[in-house]
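First up is the structure itself, then whatever we jot down about it.
The values are calculated or read from the model by the stated rules, or taken from the named source; none is laboratory data. Because the structure is predicted, anything quoted here is derived from the model rather than measured. All Cβ positions, glycine included, derive from the backbone under ideal geometry; neighbour counts span all protein chains shown.
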Amino acid sequence: MVHLRRKILVRSGLLNQLRLNVRWSSSLKIRDKESIQPERSFKSSDLSVRLAAPHQLQPKPDVSALTFGKYFTDHMLKVFYYESLGGWQAPEITPFENLVLHPAAKVLHYAVELFEGMKAYRGIDGKIRIFRPELNMERMNTSAIRSGLPTFNGNELIKCLNRLISIDQEWVPHSEASSLYIRPTLIGIDPTLGVAASDSALLYVILCPVGTYFKNSSKEVGVSLLADPRYTRAWPGGCGDRKMGSNYAPTIHVQREAAEKGLQQVLWLYGYDNQLTEVGTMNIFMFYLNENGERELVTPPLNGLILPGVTRNSILALGRELKQFKVSERKITMDEVHRLILENRLLELFGAGTACIVSPISFIDYAGQGLHIPTLEQPEPIYKMFLKCLSDIQYGYITDHPWALPID
């Protein structure tokens, strides 16, 4: 126990210092002008629970064998919405089961669907925590507005999630290399054809224990990327800043092309100047020496082309509070990346997201040439610092942190 306390104190020193002054942002600043109607939301106080029977319980996988999105827990949350019945119905937790949908359901024909990605972590103290769930609720509601789907009170869904996770708490891995992935999903289920807002919808949440997003290797390696200007993930006025399934299906072909070249992910570019937008399903960060010789961390701005990531938001907040380097949000182009490499001023590139947390980038295949990124060659890379800071919050090395919501 003494050793454990000492370990916690050592790891928490940096963030305890940050916590004295940092202003922990509780918004991604993506709210649309339309107001959310919490008075029409479902209420967690109406939640009913139907537990799985013994024969419905699934064997839990070995933690060392976990892959992303393969195994699912014993229960799920469902909340129906019917405009004809006054809106949201009472939420319910049920055994994990298949959904029954009408063949004409809007989700099947017009991709009237959105989702979120969150995680629950079992801390070093045994407590289970969710990381900044209010930001996921904000983003989910903004996606719902754009999709013509009903909005809801995010705090009420968080309370329902709390109950769901507490029921399936033994599925939260006892490992700092693993976590419980949370997938809230909202779909249009109107049994009629026609492109229109949905008068009927289903919000459901499923859980799955997950390990690391990228496959482990015997040594630390960075992510390799395909950057092909022929392909575009998002454009101004589109939905690239909303977490909708329709953003992801068109990327599968390009991801397959990257894999055929022995590369892991796609670096999505936009415009005549080949702006960096996202890397796979991650936001991207660049750390470099600017024209004044200063170290600077930069990431693309929230201009409608990229998803306003929760991990992105957290890294920016941490970086600004540290005051060890300049932090900027601005456009980054491939020409700039290439020039910085030639001038030995590019230090690191890394991706950030819920699934992978922070992943270093080491190689880009661009315009027929291979660009080697020296992320892993830095003596004290900042991507590792951010990964450690976030992990310390998520796994409870920092107790009572405002970004970590304990599960009752």
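Per-residue answers, yes or no, for (1) among the aliphatic types (A, V, I, L, M); (2) buried (at least 22 other Cβ atoms within 10 Å of the Cβ):
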| position | (1), (2) |
| --- | --- |
| D365 | no, no |
| Q369 | no, no |
| I373 | yes, yes |
| Q378 | no, no |
| I382 | yes, yes |
| L387 | yes, no |
| Y395 | no, no |
| T399 | no, no |
| P402 | no, no |
| Conditions (1) of a type outside the set (A, V, I, L, M); (2) under 25 Å from the mean Cα position of the chain (by Cα); (3) more than 30 Å from S143 (Cα to Cα); (4) outside any strand (DSSP E or B): number failed by N292 | (2)
| task | Taking L340 as meeting all but one of (1) farther than 20 Å from S179 by Cα; (2) touching a Ser or Thr at 6+ places or on another chain (Cβ under 8 Å), write down the number of the exception. | result | (2)
| remark: The condition of being acidic (D, E), surrounded by fewer than 21 Cβ atoms within 10 Å (Cβ to Cβ) and more than 25 Å from T142 (Cα to Cα) holds, among E321, E329, only for E321
| message | Residue under question is G245, and the condition is that it be farther than 23 Å from Y383 by Cβ, surrounded by fewer than 17 Cβ atoms within 10 Å (Cβ to Cβ) and touching a residue at least 24 places away in the same chain (Cβ under 8 Å); does it hold? | response | yes
| Residue count for the range 360-388, restricted to those that are of a type in the set (A, V, I, L, M), touching a strand residue (DSSP E or B) at 6+ places or on another chain (Cβ under 7 Å) and in a helix (DSSP H, G or I) | 3
| message | If I filter the range 350-360 for residues that are of a type in the set (S, T, N, Q), buried (at least 18 other Cβ atoms within 10 Å of the Cβ) and within 18 Å of the chain's Cα centre (by Cα), do I get at least one hit? | response | yes
| field | Among (1) surrounded by fewer than 18 Cβ atoms within 10 Å (Cβ to Cβ); (2) within 30 Å of G123 (Cα to Cα); (3) of a type in the set (A, V, I, L, M); (4) out of contact with any helix residue (DSSP H, G or I) (no Cβ under 9 Å at 6 or more places or on another chain) - the single one L342 does not satisfy | value | (2)
| What are the pairs, 6+ residues apart or on separate chains, where a residue within the range 59-77 that is acidic (D, E) has its Cβ under 7 Å from a residue that is not in a loop (DSSP other than H, G, I, E, B)? | D74/Q56; D74/P95
| query | Can you tell me which of S175, S179, S217, S224 is small (G, A, S), under 21 Å from the mean Cα position of the chain (by Cα) and modelled with pLDDT under 90? | reply | S175
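Of the residues L307, L302, L316, which single one is crowded, with 17+ Cβ neighbours inside 10 Å and assigned to a helix (DSSP H, G or I)?
L316
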| task | Evaluate the range 271-280: report whether one residue or more is over 24 Å from N136 (Cα atoms), of a type in the set (F, W, Y), assigned by TED's automatic domain parsing to the domain that holds D241 and under 25 Å from the mean Cα position of the chain (by Cα). | result | no
| field | Residue identified as crowded, with 20+ Cβ neighbours inside 10 Å and within 25 Å of D400 (Cβ to Cβ) among I165, I158 | value | I165
| query | Here are G211, G194, G222: which of them is of a type outside the set (D, E), surrounded by fewer than 15 Cβ atoms within 10 Å (Cβ to Cβ) and farther than 18 Å from A144 by Cβ? | reply | G194
| Condition broken by L349, with the remaining ones in (1) farther than 30 Å from I167 by Cα; (2) in a helix (DSSP H, G or I) satisfied | (2)
| message | Of everything in the range 22-52, what is in a loop (DSSP other than H, G, I, E, B), β-branched (V, I, T) and at pLDDT 90 or above? Give them in sequence order. | response | none
| request: Output the number of the condition that S147 fails; it satisfies all remaining conditions of (1) within 26 Å of T281 (Cα to Cα); (2) out of contact with any strand residue (DSSP E or B) (no Cβ under 8 Å at 6 or more places or on another chain). | output: (2)
| request: Select from the range 246-270 the residues that are within 18 Å of the chain's Cα centre (by Cα) and among the small types (G, A, S) and list them in ascending order. | output: S246, A249
| task | Only residues that are surrounded by fewer than 17 Cβ atoms within 10 Å (Cβ to Cβ) and either among the polar types (S, T, N, Q) or at pLDDT 95 or above (or both): list them for the range 55-77, please. | result | Q56, Q58, S64, T67
